[in-house]
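Working notes for the structure below.
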Amino acid sequence: MTSPSDMKKPDSKKRTFKPATLAIHADDGFDPSGSLAPPIYQTSTFKADTAAEFDAMATGAFHSAFYARYGNPTGDHARRIIAELESADDALLTASGMGAFTTIVMALLASGDHVVAQRVHYGGTIGLLENVMHKFGITTSFVDQTDPAAFEAAIQPNTKLMIVETPTNPVMAITDLRAIADIAQKHGVITLADNTFATPINQRPLEFGIDIVYHSATKYFGGHHDLIAGAIAAKSQHMEKLWRTSLAVGATLNAFDGWLLVRGLRTLKLRVDQHNSNALQLAQALEKHPRVTQVYYPGLENHPQHALAKAQMSGFSGMLSFEIDGDMATANRLIDDLQLVDRAASLGGVHSLIVSPAAMLAAVMTEDDFKARGVSTGLLRLSVGLEDIDDLITDFYEALDGIS
Ligand code: PLP
């Protein structure tokens, strides 16, 4: 069958659009019926009219309308929008952010290869490298993300991949995208950036020379805490291999989550601008409260890498951390006393969410170990949502006053 997405309107006037427009119009004409919302192709398979067509569908490049593990036309609309937003040639959807990361490392690496990654990443990233890929003979050197020279010094003759994530928990540290891309290019190493926190509204790593970007699309792309998805955006030479690996490992996104993702993407610019604004205002307000000893937000002038953040980001995201002068019990009491902010994992959605990184790490390591990773008992990680900023500031001030 002909995939609806193959039937795009001819591009008569090629114009360059800004992100808010791309998020809505990047794949106009994707459905021959004229439906403005994509149909949900709730099917596991697609028929071919002839044997020749079946063979072409089974073996052809990047074809979604064959068997639903190969992809789904609903998701095609989302992946085209993501590709445009990330300044990529193409994009691929996966069943989760970890599905995206697993697909990438399985596609690019083989036994005996070496990876340079940051000492601090999302926990699942480190876990896959240390606990899973290590079993298959792939080794990783973990370096200080704020020091590009450390990435270069860690390169070995068998280094194939450099992984960056910026900004990063817990202190919203920034990695210099251009410096890392330049180093990697000099040594013939592929670069990969986790752009989940920033989103392409604030930062487009491919424009700094990074080769592949991936997302937990569960977060800002979806934006409403209602789906689990991943996305990979890259230059065209990587896409075929990535897609073939995603279908080999079975990491494909389902049609309904693809549909929710399209719906989320359409308001991405609007939401991210408001997340940026709320987070900056809340960071500034928290700094002034006597029980708060430190606020970590790249948009604050006193963030140690504010200049670098400003050079590569156009907004600073909705993620921030702050320290209170207190132990874990005090931090937990503060969370209990907040009325508008929920204690929940995940980030990037309309609700403000807060967690105590120390309480999460205490389940798997000693206090000395998590302190060595820069996580104190009074540290709190906040995903600033889209509630009215005055209400959020009042909620935090009342709770902070309450523990004083
Ligand atoms: N990258 C970052 C920065 C994350 O925060 C997460 C999840 O929290 C992931 C990747 C993994 O994404 P998912 O939970 O969608 O598998």
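The values are calculated or read from the model by the stated rules, or taken from the named source; none is laboratory data. This structure is a prediction, so every number in the text was calculated from the model and none was measured. Glycine gets a Cβ as well: all are built from the backbone with ideal geometry, and neighbour counts include every protein chain shown. These area figures cover heavy atoms from the full protein model, side chains too; ligands, DNA and RNA do not enter into them. Shrake-Rupley method; radii C 1.70, N 1.55, O 1.52, S 1.80 Å.
So that you can scan it fast, the table gives a plain yes or no per residue for (1) modelled with pLDDT of 95 or more; (2) open to solvent by 80 Å² or more (accessible area, probe 1.4 Å); (3) over 24 Å from Phe221 (Cβ atoms):
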residue	(1), (2), (3)
Ser3	no, no, no
Lys8	no, yes, no
Asp11	no, yes, yes
Thr21	yes, no, no
Asp28	no, no, no
Pro32	no, yes, yes
Ala37	no, no, no
Gln42	yes, yes, no
Ala48	no, no, yes
Problem set entry | helices (runs of 4 or more DSSP H) (entirely within the stretch 82-191) containing at least 1 residues that are farther than 27 Å from Phe316 by Cβ and open to solvent by 30 Å² or more (accessible area, probe 1.4 Å) | 97-108, 148-153, 177-186
Problem set entry | Residue identified as more than 14 Å from the ligand (Cβ to nearest atom) and under 17 Å from Glu84 (Cβ atoms) among Lys241, Lys269 | Lys269
For this session: Evaluate the stretch 88-104: report whether one residue or more is away from the ligand (no atom under 16 Å from the Cβ) and not aliphatic (A, V, I, L, M).
Result: yes
Exercise. Of the residues Ile324, Ile354, which single one is touching a helix residue (DSSP H, G or I) at 6+ places or on another chain (Cβ under 7 Å) and either of a type in the set (Gly, Ala, Ser) or touching a residue at least 60 places away in the same chain (Cβ under 8 Å) (or both)?
Worked result: Ile324
Problem set entry | Only one of Leu192, Leu206, Leu227 that is more than 12 Å from the ligand (Cβ to nearest atom) and touching a residue at least 12 places away in the same chain (Cβ under 8 Å) | Leu206
Seminar exercise, completed: Listed by first then second residue, the pairs whose first member lies in the stretch 87-100 and is within 13 Å of Gly258 (Cβ to Cβ), whose partner is charged (D, E, K, R) and more than 8 Å from the ligand (Cβ to nearest atom), with beta carbons under 7 Å and at least 6 positions apart or on separate chains, are Ala91/Arg79; Leu92/Arg79; Leu93/Arg79
Seminar exercise, completed: Counting only residues that are in a helix (DSSP H, G or I) and in contact with a Pro (Cβ under 7 Å, 6 or more places away or on another chain), the stretch 346-404 contains a total of 1
For this session: Return the residue satisfying two criteria in turn: it lies in the stretch 54-81 and is open to solvent by 50 Å² or more (accessible area, probe 1.4 Å) and farther than 26 Å from Ala217 by Cα, and of such residues it is modelled with the lowest pLDDT.
Result: Thr59
Seminar exercise, completed: When (1) farther than 15 Å from Ala83 by Cα; (2) away from the ligand (no atom under 13 Å from the Cβ); (3) touching a residue at least 12 places away in the same chain (Cβ under 8 Å) are applied to Tyr220, the one that fails is (2)
Exercise. For His303, are the conditions met, namely being over 30 Å from Arg69 (Cα atoms) and not in a loop (DSSP other than H, G, I, E, B)?
Worked result: no
Problem set entry | Residue in the stretch 256-268 that is open to solvent by less than 20 Å² (accessible area, probe 1.4 Å) and within 13 Å of Ile104 (Cα to Cα) present | no
Exercise. What number goes with the only condition from (1) in a helix (DSSP H, G or I); (2) within 16 Å of the ligand (Cβ to nearest atom) that Asp76 does not pass?
Worked result: (2)
